[in-house]
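Asker: I have a structure here, written as structure tokens, and I will follow up with some questions on it.
The values are calculated or read from the model by the stated rules, or taken from the named source; none is laboratory data. Predicted model only: the values in this text are computed from it and were never measured. Cβ placement follows ideal geometry from the backbone for every residue including glycine, while neighbour counts extend to all protein chains displayed. SASA here: full protein model, heavy atoms, side chains in, ligands and nucleic acids out. Shrake-Rupley method; radii C 1.70, N 1.55, O 1.52, S 1.80 Å.
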Amino acid sequence: MSKLTVIFPIAALAFIALVFSACLPLLRQGVTFPEEGRHMTRRDRLLCLGITALYALTAFSGLGDTQGIESFCKFGGRGEYALIELPEDTWVSALRYYHGLNMGEYYVEFSEDGEQFQYVASMEARHKDVFKWNQAELSENWAGPVRFVRITASRALWLGEIAIYDDSGDLIPAEAMGIPAGCRRLFDEQEKIPAEASFMNSTYFDEIYHARTAYEHIENVAPYEISHPPLGKLLLGVGIRLFGMVPFGWRFSGTLFGVLMLPVLYLFLKKMFGGTLVPACGTAILASDFMHFAQTRLATIDTYEVLFILLMYGFFWCYWCADRTSRRAWLPPLAMSGVCFGLGAASKWTGIYAGGGLAVLWLIDRIRRHLALRRAAPGRAWRETRENIGWCLLFFVLVPAVIYYVSYWPYGTAQGMSGPGMLFSKDYLRIVLDNQKYMLHYHSNVTATHPYSSVWWQWLLDVRPILYYQHIFPDGRESSIGAWLNPMLCWGGLAAMLTMAYLAAAKRDKTALFILVGYLAQLVPWLFVTRVVFEYHYFPSSVFLVLALGHLFRTTELRHPKPRPVILSFTIVSVVLFLAFYPALSGLPVPRWYDLKFLKWMGTWPY
């Protein structure tokens, strides 16, 4: 850690303090946001489209290779082998392989005459080796030219491609024959072999679970990763269906959902606060957030959950503010909030935390509404309450349960079931119930450790980012991908959230209360989780930090004589920091001194 980097967090905190010194005095009397200006104008549409398009270009750039290994030699069981004949007797210096589905190992043997073979290596096919380029460790016992290579599977395995190199480091052309009928596929995509393995051509971090499972659903194979509900993997699989089982394909859907968060947030900010400056700046702040960028470009399921959380709270806000005397005004947003809750819960269980926050907000709103009606029309109060409870049971219990239950469709088809009738079978029900028991047991008994794990209070302060990928080149450059919040959003958002707590308690600010409850619903459950956790679990909370900043900035805009410099300066600094940290979020190679002297703001940051 360079002494120079100490200056940066101090300067960032000083700048945030300066911004808040201009904003906080304006909150002493509370604020009521005007009702006008909450509908999208032509200017809003242009700004929203511009920010979203610019972010989309950045997010999809360098996402991953659009071509990769997609044909596989499928070994049917133990003992099946592929016999590879080289063009001539050759000294073999290295052997690389691209592994597909299932786990086991391949045994590599060399021969000069095709009759006497000697074992030289095991090519491991572990869960962490799937859909990536791996290097076989060749034994030094063999010293001599090679004409034949035999690869034998320990069980049913999918092997995508083999790359054999001579002592000059050149790729050796070869042909394969053997028991698997498709063994020729081991050499049918040699032009796609990369110079070295990287995130651009291979899976990294939890992609080895989620991208794999998405592909298994497509191939109608029993899924390997069953520690989360299926919907996230099904959505992830849409990109694979469109672009193939290649890095761009398995990262496409998550990146698209990350892009879609921006117009959704813009609309949310517009409905909540009105105006144009705050929705535009709030959207730009999310677009320049480190975690939003890195996490949505990773083929895991968190992105889908966060978008559905944003949608369910956005629709619930519309219900929260709707005219309760008109069912046409409040029923549709309530229904859509319930649907999005179901989609979020079917993507990841932590979506249920968000539903808990909605339940708290509903209860607060219902009590207020009921007490107000009791004074004016006692009979109507109970009637309306019973009706509202009935609709909520439909939209937040029955509909989500159906969505959740149906999402297990690929589990059923992988077991040989078919057609809508399987949903009503005991076998399908047993699959769903057994998986709930497994998930509960799994998450309750995780004992694994991780060098980049963290605890909840570290998320609040950006103390311990998670490093997903790192590669140091021989020339000293470094390629890395990590996830943590932009310090402007993390530290400024936390200060804004504490302000929301003050406004909700002291000023009875309904908007601040809504934001605070949404934030705490995502954070508080993690205070009681004892298993290993990471900063990306703070991702759902981050969108509420943006809403808290929106509240603060909209108040400033309404009461400050010159609000634009305050709001724009915060947004611009956020964007500048994103540009500065872009290499550490995207895997762009940079000199290692750049990371150490400019990006390593804390000793706990892994750069």
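Asker: Could you list, in sequence order, the residues of region 296-318 that are in contact with a Phe, Trp or Tyr (Cβ under 6 Å, 6 or more places away or on another chain) and either surrounded by fewer than 24 Cβ atoms within 10 Å (Cβ to Cβ) or acidic (Asp, Glu) (or both)?
Answerer: Answer for region 296-318, where residues must be in contact with a Phe, Trp or Tyr (Cβ under 6 Å, 6 or more places away or on another chain) and either surrounded by fewer than 24 Cβ atoms within 10 Å (Cβ to Cβ) or acidic (Asp, Glu) (or both): Asp302, Gly314.
Residues checked against (1) in contact with a Phe, Trp or Tyr (Cβ under 6 Å, 6 or more places away or on another chain); (2) at negative phi:
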{"site": "Gly144", "(1), (2)": "no, no"}
{"site": "Phe148", "(1), (2)": "no, yes"}
{"site": "Thr152", "(1), (2)": "yes, yes"}
{"site": "Trp158", "(1), (2)": "yes, yes"}
{"site": "Tyr165", "(1), (2)": "no, yes"}
{"site": "Ser168", "(1), (2)": "no, yes"}
{"site": "Gly182", "(1), (2)": "no, yes"}
{"site": "Ala211", "(1), (2)": "yes, yes"}
{"site": "Glu216", "(1), (2)": "no, yes"}
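Asker: Then there is this: Could you check region 120-148 and list, in sequence order, the residues that are out of contact with any Ser or Thr (no Cβ under 8 Å at 6 or more places or on another chain), more than 17 Å from Phe72 (Cα to Cα) and open to solvent by less than 20 Å² (accessible area, probe 1.4 Å)?
Answerer: Gly144
Asker: Okay, moving on. Confirm whether Leu552 is in contact with a Cys (Cβ under 7 Å, 6 or more places away or on another chain) and open to solvent by less than 20 Å² (accessible area, probe 1.4 Å). It would help to see each step written out before you state the result.
Answerer: Working: in contact with a Cys (Cβ under 7 Å, 6 or more places away or on another chain): yes; open to solvent by less than 20 Å² (accessible area, probe 1.4 Å): yes.
Criteria met by Leu552.
Asker: Quick check on region 12-32. Is at least one of its residues open to solvent by 80 Å² or more (accessible area, probe 1.4 Å), among the charged types (D, E, K, R) and outside any strand (DSSP E or B)?
Answerer: Narrowing region 12-32 to residues open to solvent by 80 Å² or more (accessible area, probe 1.4 Å): 13, 18, 28-29, 32.
Those still in the list that are among the charged types (D, E, K, R) too: 28.
Then drop every residue that is not outside any strand (DSSP E or B), which leaves 28.
For region 12-32, residues open to solvent by 80 Å² or more (accessible area, probe 1.4 Å), among the charged types (D, E, K, R) and outside any strand (DSSP E or B): present.
Asker: In region 457-484, how many residues are among the aromatic types (Phe, Trp, Tyr) and part of a helix (DSSP H, G or I)? It would help to see each step written out before you state the result.
Answerer: Keep residues of region 457-484 that are among the aromatic types (Phe, Trp, Tyr), which gives 457, 459, 468-469, 473, 484.
Okay, now just the ones that are also part of a helix (DSSP H, G or I), so 457, 459.
Counting residues in region 457-484 that are among the aromatic types (Phe, Trp, Tyr) and part of a helix (DSSP H, G or I) gives 2.
Asker: Against the conditions (1) open to solvent by 30 Å² or more (accessible area, probe 1.4 Å); (2) assigned to a helix (DSSP H, G or I); (3) within 24 Å of Tyr607 (Cβ to Cβ); (4) in contact (Cβ under 8 Å) with a residue 24 or more places away in the chain, where does His450 fall short? Just the number, please.
Answerer: Of the numbered conditions (1) open to solvent by 30 Å² or more (accessible area, probe 1.4 Å); (2) assigned to a helix (DSSP H, G or I); (3) within 24 Å of Tyr607 (Cβ to Cβ); (4) in contact (Cβ under 8 Å) with a residue 24 or more places away in the chain, the odd one out for His450 is (2).
Asker: Given Pro563, Pro591, which one is open to solvent by 10 Å² or more (accessible area, probe 1.4 Å) and in contact with a Lys or Arg (Cβ under 7 Å, 6 or more places away or on another chain)? Write out each step before concluding.
Answerer: Values: Pro563 fails: in contact with a Lys or Arg (Cβ under 7 Å, 6 or more places away or on another chain).
Answer to the selection: Pro591.
Asker: Which helices (runs of 4 or more DSSP H) does region 275-348 wholly contain that include 3 or more residues that are over 22 Å from the mean Cα position of the chain (by Cα) and among the aliphatic types (A, V, I, L, M)?
Answerer: Values: elements: 277-287, 290-296, 302-321, 327-347.
Here the list reads 277-287, 327-347.
Asker: Out of the residues in region 38-61 that are assigned to a loop (DSSP other than H, G, I, E, B) and surrounded by 14 or more Cβ atoms within 10 Å (Cβ to Cβ), which is modelled with the highest pLDDT? Break it down stepwise before answering.
Answerer: Start the filter on region 38-61 by keeping residues that are assigned to a loop (DSSP other than H, G, I, E, B), which leaves 38-41, 61.
Still in the list and also surrounded by 14 or more Cβ atoms within 10 Å (Cβ to Cβ): 38, 40.
Working: Arg38: 86, Met40: 92.
If we take residues in region 38-61 being assigned to a loop (DSSP other than H, G, I, E, B) and surrounded by 14 or more Cβ atoms within 10 Å (Cβ to Cβ), then Met40 is modelled with the highest pLDDT.
Asker: Applying the selection to region 101-142, what residues are farther than 30 Å from Phe248 by Cβ and assigned to a strand (DSSP E or B)?
Answerer: Tyr107, Val108, Glu109, Phe110, Ser111, Gln118, Tyr119, Val120, Ala121, Ser122, listed by residue number.
Asker: Follow-up question, since we're still on this one. Would a scan of region 474-484 turn up a residue that is closer than 21 Å to Thr350 by Cα, aromatic (Phe, Trp, Tyr), open to solvent by less than 30 Å² (accessible area, probe 1.4 Å) and touching a helix residue (DSSP H, G or I) at 6+ places or on another chain (Cβ under 9 Å)?
Answerer: Within region 474-484, the subset closer than 21 Å to Thr350 by Cα is 483-484.
Add one more test, that the residue is aromatic (Phe, Trp, Tyr), and what stays is 484.
Checking the rest, the ones that are also open to solvent by less than 30 Å² (accessible area, probe 1.4 Å) come to 484.
Checking which are touching a helix residue (DSSP H, G or I) at 6+ places or on another chain (Cβ under 9 Å) leaves us with 484.
The answer is yes, given that some residue of region 474-484 is closer than 21 Å to Thr350 by Cα, aromatic (Phe, Trp, Tyr), open to solvent by less than 30 Å² (accessible area, probe 1.4 Å) and touching a helix residue (DSSP H, G or I) at 6+ places or on another chain (Cβ under 9 Å).
Asker: Something else now. Can you name the residue in region 86-100 that is assigned to a strand (DSSP E or B) and under 18 Å from Asn141 (Cα atoms) and, of all such residues, is most open to solvent (accessible area, probe 1.4 Å)? Spell out the reasoning first.
Answerer: Going residue by residue through region 86-100, those that are assigned to a strand (DSSP E or B) are 86-90, 92-99.
Then drop every residue that is not under 18 Å from Asn141 (Cα atoms), which leaves 89-90, 92-95.
Details: Asp89: 83, Thr90: 20, Val92: 28, Ser93: 65, Ala94: 19, Leu95: 1 Å².
Checked region 86-100; the qualifying residue most open to solvent (accessible area, probe 1.4 Å) is Asp89.
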